Amino acid sequence: MTADFDFIQKEEFTSIINAKKMLGNVLIFDSHTNKYYSNDKEQIQKGYLPASTFKIVNALISFDKSIASDSNNFFKWDGKRRRLPSWEKDMNLKEAYNVSCVPCFQQLARTIGVSEMNHYLKMFEYGSMIVTENSIDKFWLEGESQISQLQQIEFLKKLYFKKFPISGDSYGKIKS
C-alpha cells in the first residue's frame, strides 16, 4: 500500500496514549467509509515484528494446509517449564490462541516449513518476513522481519472479505 490512502488524524488517540504513560499509535479502519483513523500517519507505515498478531496467519496457514483440522487441534505439553505457567499444559488451538502459547505456534510453523510459509506470506502480502531454516519458529518474534500496522490492516481486510486463494473451510475455521 502506498502513502495514498484516506487518512484522518485523531489527536485524541495521542492524548489517551500519553495519559496512560505509554508509547504507541492507534490505527482504526472504518470499512463503511473506507477511511483510516490514527494519531500518526508516519508510524502506521513503519515496520515492526508482528509478534502475537502472527498467530492469526500461522493458524490460517495451518488450516489451509490441513496441519490443524480445526480450533480443537490438540497440543501435548512436553512437560518442560515455559516462560508462562499458562503454557504448561495440554491445550487445543483455541486455548493456545487465547493464551498466545508461543511453543504451540512454533510447532505449527515448523510443521508448515520454510517453503510453504514463504509461499503463503508472499500470497498474503504480509510485510517483509525473513523465514529460513534457522528462523522458522521465531521469525515473527525476533530478527529483521517487519510488517506495518497499515499492512496488517490490509491483510485483515482481505481475510475478512475472503480475497485470498485459500479454501472456504479455512476462512470458516479461522473465525471459530
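The values are calculated or read from the model by the stated rules, or taken from the named source; none is laboratory data. Here the structure is a predicted model, which means the values were calculated and not measured. Note that each Cβ is placed from the backbone with ideal geometry, even for glycine, and that neighbours are counted across all protein chains shown. Quick note on the areas: whole protein, heavy atoms, side chains included, nothing else; ligands and nucleic acids left out. Shrake-Rupley method; radii C 1.70, N 1.55, O 1.52, S 1.80 Å.
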The correct count of residues that are in a loop (DSSP other than H, G, I, E, B) and either crowded, with 20+ Cβ neighbours inside 10 Å or at positive phi (or both) in the stretch 97-125 is 4
Quick check on my filter: what residues within the stretch 15-51 are closer than 20 Å to Glu144 by Cα, modelled with pLDDT under 95 and of a type in the set (Gly, Ala, Ser)? Gly24
Quick one: count up the residues across the stretch 10-52 that are of a type in the set (Val, Ile, Thr), within 23 Å of the chain's Cα centre (by Cα) and in a helix (DSSP H, G or I). 2
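Of all residues in the stretch 21-52, count the ones that are β-branched (Val, Ile, Thr) and buried (at least 17 other Cβ atoms within 10 Å of the Cβ).
We begin by selecting, within the stretch 21-52, every residue β-branched (Val, Ile, Thr); these are 26, 28, 33, 44.
Checking the rest, the ones that are also buried (at least 17 other Cβ atoms within 10 Å of the Cβ) come to 26, 44.
Number satisfying all stated conditions: 2.
Looking at the stretch 89-97, is at least one residue within 17 Å of the chain's Cα centre (by Cα) and under 28 Å from Lys46 (Cα atoms)? If you could, list the steps in order and put the result at the bottom.
Quick first cut of the stretch 89-97, residues within 17 Å of the chain's Cα centre (by Cα) only: 93-97.
Still in the list and also under 28 Å from Lys46 (Cα atoms): 97.
Within the stretch 89-97, one or more residues are within 17 Å of the chain's Cα centre (by Cα) and under 28 Å from Lys46 (Cα atoms).
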Those residues of the stretch 53-67 which are under 18 Å from the mean Cα position of the chain (by Cα), polar (S, T, N, Q) and farther than 16 Å from Leu156 by Cβ amount to Ser62
If I filter the stretch 59-96 down to residues being in contact with a strand residue (DSSP E or B) (Cβ under 9 Å, 6 or more places away or on another chain), in a helix (DSSP H, G or I) and farther than 13 Å from Ile174 by Cα, which single residue comes out as least open to solvent (accessible area, probe 1.4 Å)? Ala96
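Being in a loop (DSSP other than H, G, I, E, B), surrounded by 11 or more Cβ atoms within 10 Å (Cβ to Cβ), of a type in the set (A, V, I, L, M, F, W, C) and touching a residue at least 60 places away in the same chain (Cβ under 8 Å): is that true of Phe5 here? Write out each step before concluding.
Numbers: in a loop (DSSP other than H, G, I, E, B): yes; surrounded by 11 or more Cβ atoms within 10 Å (Cβ to Cβ): yes; of a type in the set (A, V, I, L, M, F, W, C): yes; touching a residue at least 60 places away in the same chain (Cβ under 8 Å): yes.
So Phe5 passes the test.
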Output for the stretch 158-172, where each listed residue is in contact (Cβ under 8 Å) with a residue 40 or more places away in the chain, open to solvent by less than 60 Å² (accessible area, probe 1.4 Å) and not in a loop (DSSP other than H, G, I, E, B): Leu159, Ser170
